[in-house]
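Trainee: Dumping the structure here so I can ask a few things about it.
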Amino acid sequence: MRLTPARPTTDDGDPPWLDRSLFPFASHFLDLPEGRVHYVDEGPRTGPTLLCVHGNPTWSFLYRELVAALATETRVVAADHLGFGLSDKPADFSYLPRDHARVLDRLVDDLGLDDVVLVVHDWGGPIGLDWATRHPDRVRGVVVTNSWMWPHDSAHVRRFSRLLGGVLGREAILRFNAFARVVVPLAFADRSRLTRDVRRQYVAPLATPADRKGSWVFPRELVGSRAWLGDLWARREAIAGKPMLVVWGLDDPAFGDELDRWREAFPRARTIPLDDCGHYVAEEKSAELAAAVEGFLTTV
C-alpha cells in the first residue's frame with residue numbers, strides 16, 4: 001500500500017486546517033490494508049446507532065450538527081471514506097464506490113454495529129445502502145438526504161458525469177480542486193450557509209492533486225458504476241420493509257428531481273421536501289434535519 005506523503009500536524013495530531021471549534025469530537029481510526037479510516041463515535045452505547053455516510057467531497061464534518069444535536073441520547077457514528085477528510089488517501093486505492101462499500105462493511109463489523117439507523121447523502125447513499133441491503137437484519141431504519149441507489153437515466157446527470165469524469169474534469173479537479181471549490185458552492189440554494197470557515201473544511205483536506213483522486217472518481221462513476229448501481233437497485237426489496245425517512249432539498253441542481261423515484265420505490269417512506277435548500281441538506285438545513293431524524297428515531 002502506498003500513501004501520499006504525511007501532512008504536518010499540530011501537537012495533538014490534528015492537521016493545521018482542522019477547526020475543532022466547529023468539529024469538537026474525538027477522532028478514532030481503524031487501520032485497514034487499504035489505509036487508515038477516520039471516524040467519530042459519540043453518544044451512549046444503548047439503543048439504535050445512527051450510522052452517517054457522506055458523499056463527495058465531504059466527510060464526517062458534514063454531520064457535525066446532527067452529532068451535536070443527537071449524541072446526548074443516541075450513539076452516532078460518522079466515518080470518512082478513504083481519500084476524504086481525516087482518512088488516509090492511498091495512491092493505489094481504486095476509489096470506486098463498490099470498494100468504499102467494502103471498507104464501510106469492515107468498519108461496521110469492527111465496531112460491532114447492530115440496530116443501525118442509516119443516514120446517507122450523495123454517494124453515501126449507494127455506499128451505505130449496499131451494506132444495508134446485504135445486512136437487512138442489522139438495519140432498523142434509513143434516512144435519505146439527496147441521494148440515489150439506482151443507475152442514472154437523466155441526460156443532465158450523464159452529461160455531468162462525462163464532463164467532470166472526463167479529461168477536462170480530471171484536470172480541473174486534480175489540478176485546481178474544482179469540485180470542492182466550484183461545484184460545492186453551486187449546489188447550495190443559500191450560499192450564505194457555506195461560510196468561509198465551513199468551506200475551508202471541505203477544501204483544505206484535498207490539498208494536493210494526489211489527494212483529489214477520490215473527488216474525481218466519484219463523478220466519473222455516476223456513469224462508470226452503472227452495473228454496480230444496477231445490482232444495488234435490484235436488491236432494494238431487502239430494505240423495502242424498513243422505516244424510511246427522505247429529507248430532500250428541492251433546489252438541488254443535480255438530483256432535485258430524484259425525490260419522485262424514492263416515493264415510487266418506497267411508497268411507505270415519510271418524505272420531507274425542503275424549499276430553498278440545495279444538495280447539501282445537512283449544511284443548509286441542519287436544524288430541520290436534526291429535528292426530523294430525532295422524530296424518526298421515536299417511531300422506529
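Trainee: For segment 75-111, give me each residue that is farther than 18 Å from residue 55 by Cβ and free of Cβ contacts under 8 Å to residues at least 40 places away in the same chain.
Mentor: Residues satisfying the conditions are 75, 109.
Trainee: Among the residues of segment 236-269, write down those that are surrounded by fewer than 16 Cβ atoms within 10 Å (Cβ to Cβ) and closer than 20 Å to residue 52 by Cα.
Mentor: 236, 240
Trainee: Oh, and also: Taking segment 175-201, which residues are crowded, with 19+ Cβ neighbours inside 10 Å and closer than 17 Å to residue 218 by Cβ?
Mentor: Filtering segment 175-201 for residues crowded, with 19+ Cβ neighbours inside 10 Å gives 177-180, 183-184, 187-189, 201.
Passing the criteria: 177, 178, 179, 180, 183, 184, 187.
Trainee: For segment 1-74, please list each of the strands (runs of 3 or more DSSP E) lying entirely inside it that holds at least 1 residues being surrounded by 16 or more Cβ atoms within 10 Å (Cβ to Cβ), modelled with pLDDT of 95 or more and touching a Pro at 6+ places or on another chain (Cβ under 6 Å).
Mentor: Values: elements: 28-32, 35-42, 49-53.
Qualifying strands (runs of 3 or more DSSP E): 35-42.
Trainee: Go over the candidates 231, 260 one by one and state the one that is free of Cβ contacts under 8 Å to residues at least 40 places away in the same chain, within 19 Å of residue 127 (Cα to Cα) and of a type in the set (D, E, K, R). Break it down into steps so the answer makes sense when it comes.
Mentor: Working: 260 fails: within 19 Å of residue 127 (Cα to Cα).
Being free of Cβ contacts under 8 Å to residues at least 40 places away in the same chain, within 19 Å of residue 127 (Cα to Cα) and of a type in the set (D, E, K, R) holds for just one of 231, 260, which is 231.
Trainee: Output the residues belonging to segment 90-101 that are over 23 Å from residue 226 (Cβ atoms) and either polar (S, T, N, Q) or surrounded by 24 or more Cβ atoms within 10 Å (Cβ to Cβ) (or both).
Mentor: If we filter segment 90-101 for residues that are over 23 Å from residue 226 (Cβ atoms), which is where we start, we get 90-92.
Residues satisfying the conditions do not exist here.
The values are calculated or read from the model by the stated rules, or taken from the named source; none is laboratory data. The structure presented is a predicted model; accordingly, all values stated were derived computationally and were not measured. Every residue, glycine among them, receives a Cβ derived from its backbone with ideal geometry; neighbour counts consider all protein chains shown.
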